[in-house]
Amino acid sequence: MNYTLHQLEIFKKIVEVKSVTKASEQLFLTQPAVSIQLKNFQDQFKLPLFEVVGRKLYITEFGEEIGKAAIKILEEVEAINYKSSLFEGKLAGKLNLSVVSTAKYAMPYFLTNFIKENDKVDITMGVTNKMSVIRALEDNKCDFAMVSTIPKKLKINRIELMKNQMFFVAGKDYKTSKKPISLKNLNQSLFLFRENGSATRLAMEKYLIKHKIEIHKKMELTSNEAIKQAVIAGLGISIMPIIGIHESLKNGDLKILNIKDLPIETNWNLIWLKSKNLSNVAKAFKDYIIENKDEIITKNFQLKYDF
């Protein structure tokens, strides 16, 4: 047999997601490239690794066993690489992060120089809603989480990063005046909500309830990007964190509505479980954030909050 580590990595991902298309997306490869490597890998075995019924791919019992072996082999290769780096005096290992979807606009700035200084560190960053992020933290599937709402049921440590400001926004053609908008006038608008489990949705719902704003028309979307594009298109209005819409405000595609008691302000936090036994990589990242966060925020985010 003459299979490659690349083929093992591809097959491991296919076993995990049960789809060539999804595997190609997650591995940042083209679908034809993944299909070719899968065929080349299959050609080295007499027994089938998978079968396609209709349009759905199923992993055979033999394929599941090969998938488990692939995981072990790749983990051993990874361990060899890390050990080699450690003997060279370099920081090496994995750092697992879970961030709420809006935080994806901020976390890369906190990672950039850390990665440049520690190129043997592999980073995984899951991006999802608040509920899923907290679950990942609770299940010990990540080292750190970036959230704006502190979970009350978990004992956590945290580093406060920066302000998270949320405004009511509309498309450029939404009719407004310089005077504050009456809350009653919002009733005829279509309200665009994030999905359940989103901290942004929770903040928006609390605001609407507090000010007794009746909702006659609403629509639910599953990401901030989807909300932003819908607002830009003039579909409706929504409360959004400014961190993800700065450029759209700057070029005039979006505008902030002059409404009382806004912005809603919370804080972005890097959190981790108090009971978590941080790895050397995680400790190094924590120390890096503490030492450099003020400079990172001033350099990259100061102007984003001047509206």
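The values are calculated or read from the model by the stated rules, or taken from the named source; none is laboratory data. None of these values were measured; they are calculated from a predicted model. Cβ: placed from backbone, ideal geometry, glycine included. Neighbour counts: every protein chain shown. All accessible areas refer to the heavy atoms of the entire protein, side chains included, with ligands and DNA or RNA removed. Shrake-Rupley method; radii C 1.70, N 1.55, O 1.52, S 1.80 Å.
State the number of residues belonging to region 259-268 that are open to solvent by 70 Å² or more (accessible area, probe 1.4 Å) and in a loop (DSSP other than H, G, I, E, B). Spell out the reasoning first.
Within region 259-268, the first condition is being open to solvent by 70 Å² or more (accessible area, probe 1.4 Å), and the residues that meet it are 260-261, 265.
Still in the running and in a loop (DSSP other than H, G, I, E, B): 260-261.
Number of matching residues: 2.
Only one of (1) in a helix (DSSP H, G or I); (2) touching a strand residue (DSSP E or B) at 6+ places or on another chain (Cβ under 7 Å); (3) open to solvent by less than 60 Å² (accessible area, probe 1.4 Å); (4) within 30 Å of Lys163 (Cβ to Cβ) fails for Leu97. Which number is that? Going through the list (1) in a helix (DSSP H, G or I); (2) touching a strand residue (DSSP E or B) at 6+ places or on another chain (Cβ under 7 Å); (3) open to solvent by less than 60 Å² (accessible area, probe 1.4 Å); (4) within 30 Å of Lys163 (Cβ to Cβ), Leu97 breaks only (1). Within region 270-290, if we keep just the residues that are of a type in the set (A, V, I, L, M) and not in a helix (DSSP H, G or I), the residue that is farthest from the chain's Cα centre (by Cα) turns out to be Leu278. Contact map, region 275-304: first residue closer than 16 Å to Asn157 by Cα, second residue among the aliphatic types (A, V, I, L, M) and in a helix (DSSP H, G or I), Cβ cut-off under 7 Å, separation 6 or more or different chains; the map is empty. Looking only at residues in region 269-307 that are open to solvent by 30 Å² or more (accessible area, probe 1.4 Å) and polar (S, T, N, Q), which one is modelled with the lowest pLDDT? Once the filter is applied, the top-ranked residue is Gln302.
Could you look through region 239-255, keep only residues that are more than 12 Å from Thr200 (Cβ to Cβ) and touching a residue at least 24 places away in the same chain (Cβ under 8 Å), and pick out the one that is least open to solvent (accessible area, probe 1.4 Å)? Talk me through it step by step, then tell me what you get.
Start the filter on region 239-255 by keeping residues that are more than 12 Å from Thr200 (Cβ to Cβ), which leaves 246-255.
Subset that is touching a residue at least 24 places away in the same chain (Cβ under 8 Å): 246, 249, 252-255.
On the way: His246: 27, Leu249: 23, Gly252: 34, Asp253: 48, Leu254: 6, Lys255: 52 Å².
Among those that are more than 12 Å from Thr200 (Cβ to Cβ) and touching a residue at least 24 places away in the same chain (Cβ under 8 Å), it is Leu254.
When Lys120, Lys130 are screened for being surrounded by 15 or more Cβ atoms within 10 Å (Cβ to Cβ), of a type in the set (D, E, K, R), closer than 30 Å to Glu220 by Cα and modelled with pLDDT under 90, only Lys130 passes.
Report whether or not Val53 is β-branched (Val, Ile, Thr), open to solvent by 60 Å² or more (accessible area, probe 1.4 Å) and farther than 30 Å from Lys299 by Cβ. Steps first, please.
Numbers: β-branched (Val, Ile, Thr): yes; open to solvent by 60 Å² or more (accessible area, probe 1.4 Å): yes; farther than 30 Å from Lys299 by Cβ: yes.
Judged against the criteria, Val53 is a match.
Please indicate, with yes or no, whether at least one residue in region 58-80 is open to solvent by 70 Å² or more (accessible area, probe 1.4 Å), over 23 Å from Val121 (Cα atoms) and outside any helix (DSSP H, G or I). Looking through region 58-80, at least one residue is open to solvent by 70 Å² or more (accessible area, probe 1.4 Å), over 23 Å from Val121 (Cα atoms) and outside any helix (DSSP H, G or I). Scan region 217-225 and give yes if some residue there is over 29 Å from Glu291 (Cα atoms), touching a residue at least 12 places away in the same chain (Cβ under 8 Å) and over 23 Å from the mean Cα position of the chain (by Cα), otherwise no. The answer is yes; a qualifying residue exists. How many residues does region 221-238 contain that are buried (at least 23 other Cβ atoms within 10 Å of the Cβ) and of a type in the set (Ser, Thr, Tyr)? Residues that pass the stated criteria total 1. When region 16-47 is filtered for residues that are more than 26 Å from the chain's Cα centre (by Cα), under 18 Å from Thr4 (Cα atoms) and not in a helix (DSSP H, G or I), the ones remaining, listed by number, are Asp43, Gln44, Phe45, Lys46.
For region 161-209, the candidate set comprises residues that are of a type in the set (D, E, K, R) and under 12 Å from Ile239 (Cβ atoms); within that set, the residue that is surrounded by the fewest Cβ atoms within 10 Å (Cβ to Cβ) is Lys206.
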